[in-house]
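Notes follow once the structure below has been shown.
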Amino acid sequence: MSRASVTARIANGVSGIPAAQWDACAGTANPFIGHDFLSILEQSGSVGPGSGWQPLPIIVDGADGAPAAIVPAYGKSHSQGEYVFDHAWADAWERAGGRYYPKLQIAAPFTPVPGPRLLLRDPAQASALIAAIEAVTDQNQLSSAHATFVAPDQLPLFEAAGWLIRTGTQFHWRNHGYRSFEDFLSALSSRKRKSIRHERAKAVEGLTVRHLTGRDLTEAQWDAFWGFYQDTGSRKWGHPYLTRAFFSLLGERMADRTLLILAERDGRPIAGALNLIGADTLYGRYWGATEDVPFLHFELCYYQAIDAAIARGLTTVEAGAQGEHKLARGYVPVPTWSAHYVPDRNFRRAIADFLERERDGVADDRDHLANFTPFKRGQ
(Lines give C-alpha, C1' and ligand atoms only; values in the text may rest on other atoms or scores of the structure.)
Protein backbone atom coordinates (compact mmCIF):
# COMPACT_ATOMS: atom_id res chain seq x y z
CA MET A 1 0.00 0.00 0.00
CA SER A 2 1.46 3.36 -0.96
CA ARG A 3 1.69 6.14 1.58
CA ALA A 4 -0.36 8.35 -0.68
CA SER A 5 -3.40 6.12 -0.13
CA VAL A 6 -3.14 6.23 3.67
CA THR A 7 -5.20 8.68 5.69
CA ALA A 8 -4.33 8.85 9.36
CA ARG A 9 -4.72 11.32 12.21
CA ILE A 10 -2.90 12.05 15.43
CA ALA A 11 -5.07 12.40 18.53
CA ASN A 12 -4.28 14.67 21.45
CA GLY A 13 -3.68 11.83 23.89
CA VAL A 14 -5.40 8.57 24.73
CA SER A 15 -7.81 10.18 27.20
CA GLY A 16 -9.62 12.05 24.41
CA ILE A 17 -10.47 8.83 22.55
CA PRO A 18 -13.59 6.97 23.73
CA ALA A 19 -12.53 3.97 25.80
CA ALA A 20 -14.81 1.58 23.88
CA GLN A 21 -13.26 2.64 20.56
CA TRP A 22 -9.70 2.27 21.86
CA ASP A 23 -10.32 -1.12 23.45
CA ALA A 24 -12.11 -2.40 20.35
CA CYS A 25 -8.66 -2.13 18.75
CA ALA A 26 -6.50 -3.05 21.76
CA GLY A 27 -8.50 -5.99 23.13
CA THR A 28 -8.45 -6.93 26.80
CA ALA A 29 -5.72 -9.57 27.11
CA ASN A 30 -2.82 -7.21 27.85
CA PRO A 31 -3.64 -4.53 30.45
CA PHE A 32 -0.77 -2.22 29.48
CA ILE A 33 -2.17 -1.29 26.07
CA GLY A 34 -5.74 -0.79 27.26
CA HIS A 35 -7.42 2.60 27.49
CA ASP A 36 -7.54 2.48 31.29
CA PHE A 37 -3.81 2.06 31.84
CA LEU A 38 -2.65 4.52 29.18
CA SER A 39 -5.18 7.19 30.14
CA ILE A 40 -4.23 6.81 33.82
CA LEU A 41 -0.63 7.59 32.85
CA GLU A 42 -1.83 10.79 31.19
CA GLN A 43 -4.29 11.90 33.85
CA SER A 44 -1.84 11.29 36.68
CA GLY A 45 0.84 13.41 35.02
CA SER A 46 3.18 10.44 34.64
CA VAL A 47 3.34 11.18 30.89
CA GLY A 48 2.67 14.49 29.22
CA PRO A 49 4.15 17.96 29.87
CA GLY A 50 7.51 17.86 31.60
CA SER A 51 7.91 14.09 31.38
CA GLY A 52 9.58 13.76 27.98
CA TRP A 53 6.70 11.51 26.88
CA GLN A 54 4.23 13.40 24.67
CA PRO A 55 1.20 11.21 23.85
CA LEU A 56 0.66 11.13 20.07
CA PRO A 57 -1.61 8.16 19.29
CA ILE A 58 -1.81 7.58 15.53
CA ILE A 59 -5.19 6.44 14.22
CA VAL A 60 -6.44 5.00 10.96
CA ASP A 61 -10.24 5.22 10.84
CA GLY A 62 -12.49 2.60 9.33
CA ALA A 63 -15.36 3.05 6.90
CA ASP A 64 -17.70 3.44 9.87
CA GLY A 65 -15.76 6.47 11.11
CA ALA A 66 -14.44 4.71 14.22
CA PRO A 67 -10.77 3.79 14.69
CA ALA A 68 -9.87 0.63 12.80
CA ALA A 69 -6.22 0.69 13.88
CA ILE A 70 -4.26 2.62 16.49
CA VAL A 71 -0.62 2.99 17.52
CA PRO A 72 0.19 4.02 21.12
CA ALA A 73 2.87 6.50 20.06
CA TYR A 74 4.83 9.09 22.05
CA GLY A 75 7.14 11.91 21.10
CA LYS A 76 10.30 11.43 23.16
CA SER A 77 12.92 14.00 24.15
CA HIS A 78 15.10 11.40 25.91
CA SER A 79 15.50 7.62 26.14
CA GLN A 80 14.50 7.01 29.75
CA GLY A 81 11.80 4.52 30.73
CA GLU A 82 12.11 2.38 27.60
CA TYR A 83 14.27 -0.63 28.64
CA VAL A 84 15.60 -1.07 25.09
CA PHE A 85 18.72 1.02 25.26
CA ASP A 86 19.61 3.30 22.35
CA HIS A 87 21.81 5.84 24.16
CA ALA A 88 24.81 4.81 22.05
CA TRP A 89 22.78 5.42 18.88
CA ALA A 90 21.84 8.88 20.13
CA ASP A 91 25.46 9.70 20.99
CA ALA A 92 26.71 8.56 17.58
CA TRP A 93 24.03 10.54 15.74
CA GLU A 94 24.75 13.71 17.76
CA ARG A 95 28.53 13.35 17.22
CA ALA A 96 27.89 13.12 13.48
CA GLY A 97 26.10 16.46 13.64
CA GLY A 98 22.54 15.14 13.63
CA ARG A 99 19.71 15.58 16.10
CA TYR A 100 18.45 12.29 17.57
CA TYR A 101 15.71 13.79 19.70
CA PRO A 102 12.81 14.11 19.37
CA LYS A 103 12.06 10.60 18.23
CA LEU A 104 8.84 8.58 18.02
CA GLN A 105 8.35 5.80 20.57
CA ILE A 106 5.67 3.11 20.14
CA ALA A 107 5.29 1.51 23.53
CA ALA A 108 3.51 1.22 26.83
CA PRO A 109 5.51 3.82 28.80
CA PHE A 110 7.80 2.55 31.55
CA THR A 111 6.66 -1.00 30.81
CA PRO A 112 9.03 -3.68 29.43
CA VAL A 113 6.15 -6.03 28.66
CA PRO A 114 5.81 -7.68 25.23
CA GLY A 115 2.48 -7.02 23.55
CA PRO A 116 0.76 -5.71 20.44
CA ARG A 117 2.08 -2.40 19.20
CA LEU A 118 -0.31 -2.24 16.25
CA LEU A 119 -3.77 -2.22 17.81
CA LEU A 120 -6.00 -3.62 15.11
CA ARG A 121 -9.78 -3.80 15.04
CA ASP A 122 -9.29 -4.43 11.34
CA PRO A 123 -6.14 -6.52 10.73
CA ALA A 124 -6.18 -5.47 7.06
CA GLN A 125 -5.11 -1.99 8.22
CA ALA A 126 -1.75 -3.14 9.60
CA SER A 127 0.31 -2.01 6.61
CA ALA A 128 -1.55 1.31 6.50
CA LEU A 129 -0.76 1.88 10.17
CA ILE A 130 2.95 1.21 9.67
CA ALA A 131 2.95 3.54 6.67
CA ALA A 132 1.32 6.19 8.86
CA ILE A 133 4.05 5.83 11.48
CA GLU A 134 6.69 6.29 8.81
CA ALA A 135 4.88 9.31 7.38
CA VAL A 136 4.65 10.98 10.80
CA THR A 137 8.36 10.35 11.33
CA ASP A 138 9.35 11.72 7.92
CA GLN A 139 7.01 14.71 7.82
CA ASN A 140 8.11 15.89 11.24
CA GLN A 141 11.80 15.28 10.44
CA LEU A 142 12.22 12.92 13.40
CA SER A 143 15.38 10.86 13.51
CA SER A 144 13.61 7.53 13.98
CA ALA A 145 10.63 5.54 15.23
CA HIS A 146 10.95 2.65 17.67
CA ALA A 147 8.39 -0.04 18.48
CA THR A 148 9.65 -1.76 21.63
CA PHE A 149 8.65 -5.12 23.11
CA VAL A 150 6.73 -6.13 20.02
CA ALA A 151 4.52 -9.22 20.28
CA PRO A 152 6.05 -12.09 18.26
CA ASP A 153 3.03 -12.41 15.97
CA GLN A 154 3.39 -8.76 14.89
CA LEU A 155 7.10 -8.92 14.17
CA PRO A 156 6.61 -10.10 10.54
CA LEU A 157 4.52 -6.97 9.87
CA PHE A 158 7.43 -4.72 10.76
CA GLU A 159 9.92 -6.95 8.95
CA ALA A 160 7.83 -6.82 5.79
CA ALA A 161 7.91 -3.02 5.98
CA GLY A 162 11.72 -3.10 6.15
CA TRP A 163 12.13 -2.03 9.78
CA LEU A 164 15.30 -3.08 11.59
CA ILE A 165 14.76 -5.79 14.19
CA ARG A 166 16.53 -5.92 17.53
CA THR A 167 16.49 -8.85 19.94
CA GLY A 168 16.79 -8.98 23.71
CA THR A 169 16.25 -11.39 26.58
CA GLN A 170 13.88 -11.53 29.52
CA PHE A 171 13.18 -14.22 32.13
CA HIS A 172 9.66 -15.64 32.34
CA TRP A 173 8.14 -18.39 34.45
CA ARG A 174 5.99 -20.96 32.66
CA ASN A 175 3.18 -22.91 34.27
CA HIS A 176 3.36 -26.49 33.05
CA GLY A 177 0.07 -27.46 34.64
CA TYR A 178 1.33 -27.16 38.22
CA ARG A 179 -1.29 -27.68 40.93
CA SER A 180 0.72 -25.95 43.68
CA PHE A 181 4.10 -24.41 44.41
CA GLU A 182 5.27 -27.77 45.75
CA ASP A 183 4.23 -29.32 42.45
CA PHE A 184 6.43 -26.77 40.67
CA LEU A 185 9.31 -27.53 43.04
CA SER A 186 9.06 -31.21 42.18
CA ALA A 187 10.24 -30.32 38.66
CA LEU A 188 13.49 -28.86 40.03
CA SER A 189 16.71 -30.55 41.05
CA SER A 190 16.86 -31.51 44.72
CA ARG A 191 19.56 -28.93 45.45
CA LYS A 192 17.47 -26.14 43.96
CA ARG A 193 14.34 -27.28 45.81
CA LYS A 194 16.22 -27.13 49.09
CA SER A 195 17.64 -23.68 48.29
CA ILE A 196 14.24 -22.21 47.40
CA ARG A 197 12.56 -23.65 50.49
CA HIS A 198 15.33 -22.13 52.60
CA GLU A 199 14.94 -18.73 50.94
CA ARG A 200 11.17 -18.71 51.39
CA ALA A 201 11.37 -19.66 55.06
CA LYS A 202 13.99 -17.02 55.86
CA ALA A 203 12.19 -14.30 53.89
CA VAL A 204 8.93 -14.46 55.88
CA GLU A 205 10.26 -14.97 59.41
CA GLY A 206 8.17 -12.71 61.64
CA LEU A 207 6.21 -11.38 58.67
CA THR A 208 2.71 -11.74 57.26
CA VAL A 209 2.25 -11.74 53.48
CA ARG A 210 -1.04 -10.52 52.04
CA HIS A 211 -2.41 -10.62 48.48
CA LEU A 212 -4.71 -7.65 47.85
CA THR A 213 -6.90 -6.96 44.84
CA GLY A 214 -10.23 -5.37 44.02
CA ARG A 215 -12.05 -3.85 46.97
CA ASP A 216 -9.24 -4.84 49.36
CA LEU A 217 -6.99 -2.10 47.95
CA THR A 218 -7.07 1.08 50.04
CA GLU A 219 -5.44 4.49 49.94
CA ALA A 220 -3.45 3.62 53.06
CA GLN A 221 -1.91 0.68 51.21
CA TRP A 222 -1.14 2.87 48.22
CA ASP A 223 0.53 5.37 50.55
CA ALA A 224 2.72 2.57 51.85
CA PHE A 225 3.53 1.30 48.40
CA TRP A 226 4.31 4.82 47.17
CA GLY A 227 7.03 4.96 49.80
CA PHE A 228 8.44 1.65 48.57
CA TYR A 229 8.27 2.77 44.94
CA GLN A 230 9.96 6.11 45.61
CA ASP A 231 12.87 4.39 47.32
CA THR A 232 13.39 1.93 44.47
CA GLY A 233 12.84 4.56 41.78
CA SER A 234 15.33 7.01 43.25
CA ARG A 235 18.01 4.30 43.37
CA LYS A 236 17.32 2.85 39.90
CA TRP A 237 16.39 5.86 37.79
CA GLY A 238 17.31 8.92 39.85
CA HIS A 239 13.65 9.87 40.25
CA PRO A 240 10.42 7.86 40.04
CA TYR A 241 8.66 7.78 36.68
CA LEU A 242 5.14 7.48 38.11
CA THR A 243 3.33 10.02 40.26
CA ARG A 244 1.47 9.27 43.47
CA ALA A 245 -1.81 9.98 41.66
CA PHE A 246 -1.10 7.10 39.28
CA PHE A 247 -1.54 4.53 42.04
CA SER A 248 -4.81 6.00 43.30
CA LEU A 249 -6.24 6.01 39.76
CA LEU A 250 -5.01 2.45 39.25
CA GLY A 251 -6.91 1.42 42.37
CA GLU A 252 -10.03 3.22 41.19
CA ARG A 253 -10.15 1.94 37.60
CA MET A 254 -8.14 -1.27 37.46
CA ALA A 255 -8.50 -2.74 40.94
CA ASP A 256 -9.74 -6.09 39.65
CA ARG A 257 -6.68 -6.36 37.38
CA THR A 258 -4.26 -5.30 40.10
CA LEU A 259 -2.54 -7.58 42.60
CA LEU A 260 -0.61 -5.89 45.40
CA ILE A 261 1.48 -8.26 47.51
CA LEU A 262 2.46 -6.76 50.86
CA ALA A 263 4.77 -8.02 53.58
CA GLU A 264 3.78 -6.74 57.02
CA ARG A 265 5.53 -6.75 60.37
CA ASP A 266 3.10 -6.43 63.28
CA GLY A 267 0.47 -5.08 60.89
CA ARG A 268 2.77 -2.47 59.35
CA PRO A 269 3.71 -2.84 55.65
CA ILE A 270 7.48 -3.03 55.17
CA ALA A 271 7.67 -4.19 51.54
CA GLY A 272 5.45 -4.67 48.53
CA ALA A 273 5.29 -5.90 44.94
CA LEU A 274 2.79 -4.59 42.40
CA ASN A 275 1.45 -6.87 39.66
CA LEU A 276 -1.13 -6.52 36.91
CA ILE A 277 -3.27 -9.45 35.85
CA GLY A 278 -3.66 -10.27 32.16
CA ALA A 279 -5.75 -12.88 30.38
CA ASP A 280 -3.10 -15.57 30.81
CA THR A 281 -0.14 -13.77 32.40
CA LEU A 282 0.75 -12.17 35.72
CA TYR A 283 2.92 -9.13 35.13
CA GLY A 284 5.27 -8.12 37.93
CA ARG A 285 6.01 -4.42 37.72
CA TYR A 286 7.29 -2.61 40.82
CA TRP A 287 8.81 -3.53 44.15
CA GLY A 288 10.22 -1.74 47.16
CA ALA A 289 10.93 -2.11 50.87
CA THR A 290 11.68 -0.03 53.95
CA GLU A 291 13.52 -2.87 55.69
CA ASP A 292 16.40 -4.92 54.31
CA VAL A 293 15.18 -8.49 54.82
CA PRO A 294 17.23 -11.30 53.21
CA PHE A 295 15.43 -13.00 50.31
CA LEU A 296 12.26 -10.88 50.70
CA HIS A 297 12.65 -9.46 47.20
CA PHE A 298 12.72 -12.99 45.75
CA GLU A 299 9.76 -14.02 47.90
CA LEU A 300 7.43 -11.17 46.98
CA CYS A 301 8.42 -10.68 43.35
CA TYR A 302 9.05 -14.25 42.20
CA TYR A 303 7.74 -16.94 44.54
CA GLN A 304 4.54 -15.21 45.61
CA ALA A 305 3.92 -14.35 41.95
CA ILE A 306 4.21 -18.04 41.08
CA ASP A 307 1.77 -18.87 43.88
CA ALA A 308 -0.69 -16.31 42.53
CA ALA A 309 -0.35 -17.50 38.93
CA ILE A 310 -0.96 -21.13 39.89
CA ALA A 311 -3.98 -20.18 41.99
CA ARG A 312 -5.46 -18.23 39.05
CA GLY A 313 -4.61 -20.80 36.39
CA LEU A 314 -2.34 -18.37 34.55
CA THR A 315 0.26 -19.73 32.15
CA THR A 316 3.07 -17.21 32.61
CA VAL A 317 4.70 -14.84 35.06
CA GLU A 318 6.66 -11.96 33.53
CA ALA A 319 8.75 -10.37 36.25
CA GLY A 320 10.16 -7.37 34.38
CA ALA A 321 13.33 -6.61 32.49
CA GLN A 322 16.72 -8.28 32.83
CA GLY A 323 17.79 -10.15 35.98
CA GLU A 324 19.88 -13.29 35.57
CA HIS A 325 19.22 -14.01 39.28
CA LYS A 326 15.72 -15.07 38.17
CA LEU A 327 17.20 -18.19 36.58
CA ALA A 328 17.73 -19.93 39.93
CA ARG A 329 14.09 -19.19 40.83
CA GLY A 330 12.65 -21.08 37.86
CA TYR A 331 12.37 -18.21 35.38
CA VAL A 332 13.77 -19.14 31.97
CA PRO A 333 15.39 -16.94 29.29
CA VAL A 334 13.09 -15.98 26.41
CA PRO A 335 13.65 -13.67 23.44
CA THR A 336 12.12 -10.21 23.10
CA TRP A 337 12.01 -8.02 20.01
CA SER A 338 11.85 -4.39 18.99
CA ALA A 339 11.50 -2.79 15.55
CA HIS A 340 13.16 0.42 14.37
CA TYR A 341 12.48 2.77 11.47
CA VAL A 342 15.49 4.90 10.53
CA PRO A 343 14.97 7.15 7.48
CA ASP A 344 18.59 8.30 7.08
CA ARG A 345 20.33 5.73 4.89
CA ASN A 346 23.80 6.08 6.38
CA PHE A 347 22.54 5.98 9.95
CA ARG A 348 20.32 3.02 9.10
CA ARG A 349 23.27 1.13 7.61
CA ALA A 350 25.39 1.71 10.72
CA ILE A 351 22.60 0.54 13.05
CA ALA A 352 21.89 -2.50 10.88
CA ASP A 353 25.56 -3.53 11.11
CA PHE A 354 25.48 -3.08 14.89
CA LEU A 355 22.26 -5.10 15.26
CA GLU A 356 23.63 -7.98 13.20
CA ARG A 357 26.61 -8.30 15.52
CA GLU A 358 24.52 -7.79 18.64
CA ARG A 359 21.91 -10.37 17.57
CA ASP A 360 24.41 -13.21 17.43
CA GLY A 361 25.80 -12.33 20.85
CA VAL A 362 22.34 -12.09 22.45
CA ALA A 363 21.31 -15.47 21.02
CA ASP A 364 24.54 -17.12 22.19
CA ASP A 365 24.12 -15.62 25.65
CA ARG A 366 20.51 -16.80 25.88
CA ASP A 367 21.50 -20.34 24.87
CA HIS A 368 24.25 -20.29 27.48
CA LEU A 369 21.89 -19.07 30.21
CA ALA A 370 19.42 -21.83 29.43
CA ASN A 371 21.99 -24.32 30.74
CA PHE A 372 21.65 -22.86 34.23
CA THR A 373 17.93 -23.28 34.85
CA PRO A 374 17.11 -25.23 38.06
CA PHE A 375 14.97 -27.87 36.37
CA LYS A 376 15.82 -31.54 36.36
CA ARG A 377 17.68 -32.58 33.25
CA GLY A 378 15.35 -33.65 30.49
CA GLN A 379 12.48 -31.40 31.60
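The values are calculated or read from the model by the stated rules, or taken from the named source; none is laboratory data. These numbers were taken from a predicted model, which means no experiment stands behind them. Counting neighbours? That spans all protein chains shown, and the Cβs are built from the backbone with ideal geometry, glycine included. Heads up: the accessible areas ignore ligands, DNA and RNA and are worked out on the full protein's heavy atoms, side chains in. Shrake-Rupley method; radii C 1.70, N 1.55, O 1.52, S 1.80 Å.
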_R0 of 35 Å, Cβ-Cβ distance GLU205-THR28: FRET efficiency to nearest 0.05_ = 0.30
_What does the extension gain come out to for ALA161 and ALA255, with contour length at 0.36 nm per residue minus their alpha carbon separation?_
30.0 nm
*Among the lysines in the chain, how many pairs, 8 or more places apart or on different chains, have alpha carbons under 21 Å apart?*
11
*Orientation-averaged projected area, Cα convex hull of segment 220-331 (nm²)*: 7.3 nm²
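For THR213, what charge total do you get from the other residues with a beta carbon under 9 Å from its beta carbon, if Lys and Arg give +1 and Asp and Glu give -1?
Overall, the nearby charge balance is 0.
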*Would you kindly find the accessible area of ILE70, with a 1.4 Å probe and non-protein molecules such as ligands, DNA and RNA excluded, rounding to the nearest 10 Å²?*
0 Å²
_Entry for volume of the Cα convex hull per residue in Å³ (calculated from the structure that is shown) out of (i) 144; (ii) 549; (iii) 176_ = (i)
_Summed side-chain charge close to GLU356 - residues other than GLU356 whose Cβ falls under 13 Å, Lys, Arg +1, Asp, Glu -1_ = +2
*Between ASP353 and ALA135, what is the spin-label point distance in nm, taking each point 7 Å from the Cα along the Cα→C-beta axis?*
3.4 nm
*Within-14-Å neighbourhood charge of ARG377 [Cβ basis; K, R +1; D, E -1]*: +3
*Along each of its three principal axes, how wide is the spread of alpha-carbon positions in segment 55-153, in whole angstrom units, largest first?*
47, 29, 21
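Once you order the gyration tensor axes a ≥ b ≥ c over the Cα atoms, which shape class does segment 239-298 get: rounded for a/c under 1.5, otherwise prolate or oblate by comparing a/b with b/c? Don't skip to the end; give the middle numbers.
Numbers: a/c = 1.78, a/b = 1.44, b/c = 1.24.
It comes out prolate by the Cα gyration axes.
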*Would you please name the chymotrypsin sites (Phe, Trp or Tyr not before Pro) within segment 44-149 that are DSSP coil residues with at most 14 other C-beta atoms within 10 Å of their C-beta?*
PHE85
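Just the number, please: carbon plus sulfur as a percent of the accessible area of the chain, 1.4 Å probe, no ligands or DNA/RNA counted. Spell out each step's value before the answer.
On the way: 8140 of 16330 Å².
The computed percentage sits at 50.
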*Find the Cα radius of gyration of segment 116-271, compare it with 2.2 N^0.38 Å by division, and give the number to two decimals.*
1.47
_Along the chain, longest interval not containing exposed GluC sites (Glu not before Pro), exposed being DSSP loop plus at most 16 other Cβ atoms within 10 Å_ = 1-204
*Radius of gyration and maximum dimension Dmax of segment 24-99, Cα, Å*: 15.7, 48
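Set the Förster distance to 45 Å, then compute FRET efficiency between ASP365 and ASP216 from the Cβ-Cβ distance, nearest 0.05. It would help to have the intermediate numbers written out before the result.
Working: r = 41 Å, r/R0 = 0.91.
Efficiency, rounded to the nearest 0.05: 0.65.
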